[in-house]
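What follows is one structure encoded as structure tokens, with my remarks underneath.
The values are calculated or read from the model by the stated rules, or taken from the named source; none is laboratory data. As the structure is a prediction and not an experimental result, all values here were calculated from the model. Note that each Cβ is placed from the backbone with ideal geometry, even for glycine, and that neighbours are counted across all protein chains shown. The area values use the complete protein model at the heavy-atom level, side chains included, leaving out ligands, DNA and RNA. Shrake-Rupley method; radii C 1.70, N 1.55, O 1.52, S 1.80 Å.
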Amino acid sequence: MGALRPWARFPLLVVGHLLALGIGAAVFQALEGPPALRLQAKLRTELAAFQAEYGACLPPGALEELLGTALAAQARGVSSWGDGSEAGNWDLPSALLFTASILTTTGYGCMAPLSAGGKAFCVVYAALGLPASLALLAALRRCLLPLLSRPGAWVAAYWRPAPARAALLRAAGLGLLVAGAFVLLPALVLWGVQGDCSLLEAIYFCFSSLSTIGLGDLLPGHGRGLHPVLYHLGQLALLGYLLLGLLAMLLAVETFSELPQVRAVVKFFGSSGPRTAEDQSGILGQDELALSTLPPLAAVPEQTPTC
């Protein structure tokens with residue numbers, strides 16, 4: 001790999017990325033294709049049985065029209081199923097969750113603007129709110145980074161590892177902390193409270209939320225018929241979880257991106273031209289990462305200038 005010419009490195013990276021996309025698509029097709037076909041066959045069987053039993057009481061095409069209207073409304077976050085705990089889709093807690101999903105780029109897809117004015121306001125709100133959210137996250141990162149660096153500084157002061165190893169240990173510790181406090185622990189709580197989802201589904205929801213994938217196929221409280229108060233409290237808890245968890249995930253990702261091993265890979269596939277100031281200073285400064293690994297300097301006696 002070291003003998004590879006610089007002009008061929010970036011195309012190699014693109015080819016590798018496209019290969020990873022193809023492999024991922026093939027795996028998902030193999031895993032999800034058979035369950036989707038089984039679900040489709042079950043749905044057709046249920047519809048055929050319903051039409052055979054009640055078809056004489058319904059005019060032709062009435063059932064298909066009703067199901068089409070219900071599915072179209074469900075796709076836009078409007079549903080009349082259940083006991084009414086989710087009927088108010090645009091009450092204050094639901095609207096707060098929707099705005100949080102916009103500003104955190106999660107985008108669950110369980111709710112969507114219906115009116116033209118709502119869609120226009122969504123565009124303007126996201127255009128103005130996303131930079132403000134990034135600025136807030138940057139300010140919080142600066143405040144929390146010294147606090148999160150203290151355990152690594154204590155370990156480095158006690159064991160005195162090499163700077164590269166100290167950075168790796170700190171990144172691994174921060175990754176384990178984020179995985180435990182913002183993925184595993186909330187998944188256990190969701191698993192215990194929700195009741196109708198497995199632990200794997202709860203972990204899947206937490207990770208997809210914090211990674212801003214936000215597929216929206218699983219949301220706390222949906223479809224369970226919770227009391228409206230508990231349902232809205234769950235939405236507010238999810239709002240706080242998104243804000244805090246996204247900050248923790250951002251800190252972990254930036255810490256890993258500044259590891260010497262990662263920087264070496266990026267440098268290998270990057271351009272071979274002269275390095276700019278932006279290349280030399282990442283999102284997290286290298287001095288911030290290595291500050292806790294340096295031993296304290298001895299005090300240098302002040303020298304009086306000679307005449």
Condition met for PRO146 (over 18 Å from PHE256 (Cβ atoms), in a helix (DSSP H, G or I), of a type outside the set (Lys, Arg) and open to solvent by 30 Å² or more (accessible area, probe 1.4 Å)): yes
Pair list, Cβ < 6 Å and 6+ apart or interchain, from segment 98-116 residues that are in the same structural domain as SER208 (by the TED database) and surrounded by 15 or more Cβ atoms within 10 Å (Cβ to Cβ) to residues that are aliphatic (A, V, I, L, M) and in a loop (DSSP other than H, G, I, E, B): PHE98/MET111; CYS110/LEU219
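Okay, residues lined up against (1) assigned to a helix (DSSP H, G or I); (2) basic (Lys, Arg); (3) at pLDDT below 85:
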| position | (1), (2), (3) |
| --- | --- |
| LEU12 | yes, no, no |
| GLY16 | yes, no, no |
| ALA25 | yes, no, no |
| GLY33 | yes, no, no |
| LYS42 | yes, yes, no |
| GLU46 | yes, no, no |
| GLY55 | yes, no, yes |
Pair list, Cβ under 6 Å, 6 or more apart: segment 11-29 residue open to solvent by 70 Å² or more (accessible area, probe 1.4 Å), other residue not acidic (Asp, Glu): LEU13/PHE269
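Might you check whether a residue that is assigned to a helix (DSSP H, G or I), on the phi < 0 side of the Ramachandran plot, modelled with pLDDT of 80 or more and surrounded by 14 or more Cβ atoms within 10 Å (Cβ to Cβ) occurs anywhere in segment 70-85?
No: segment 70-85 contains no residue that is assigned to a helix (DSSP H, G or I), on the phi < 0 side of the Ramachandran plot, modelled with pLDDT of 80 or more and surrounded by 14 or more Cβ atoms within 10 Å (Cβ to Cβ).
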Listing of helices (runs of 4 or more DSSP H) fully contained in segment 183-285 that carry 2 or more residues being in the same structural domain as ALA135 (by the TED database) and at pLDDT below 75: 228-257
Which numbered condition LEU200 misses (of (1) free of Cβ contacts under 8 Å to residues at least 12 places away in the same chain; (2) open to solvent by less than 90 Å² (accessible area, probe 1.4 Å)): (2)
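Yes or no, residue by residue, for (1) over 27 Å from ILE102 (Cβ atoms); (2) free of Cβ contacts under 8 Å to residues at least 24 places away in the same chain; (3) over 19 Å from the mean Cα position of the chain (by Cα); (4) outside the structural domain of LEU244 (by the TED database):
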position: SER133; (1), (2), (3), (4): no, no, no, no
position: LEU140; (1), (2), (3), (4): no, no, no, no
position: ALA156; (1), (2), (3), (4): yes, no, yes, no
position: LEU169; (1), (2), (3), (4): yes, yes, yes, no
position: VAL178; (1), (2), (3), (4): no, no, no, no
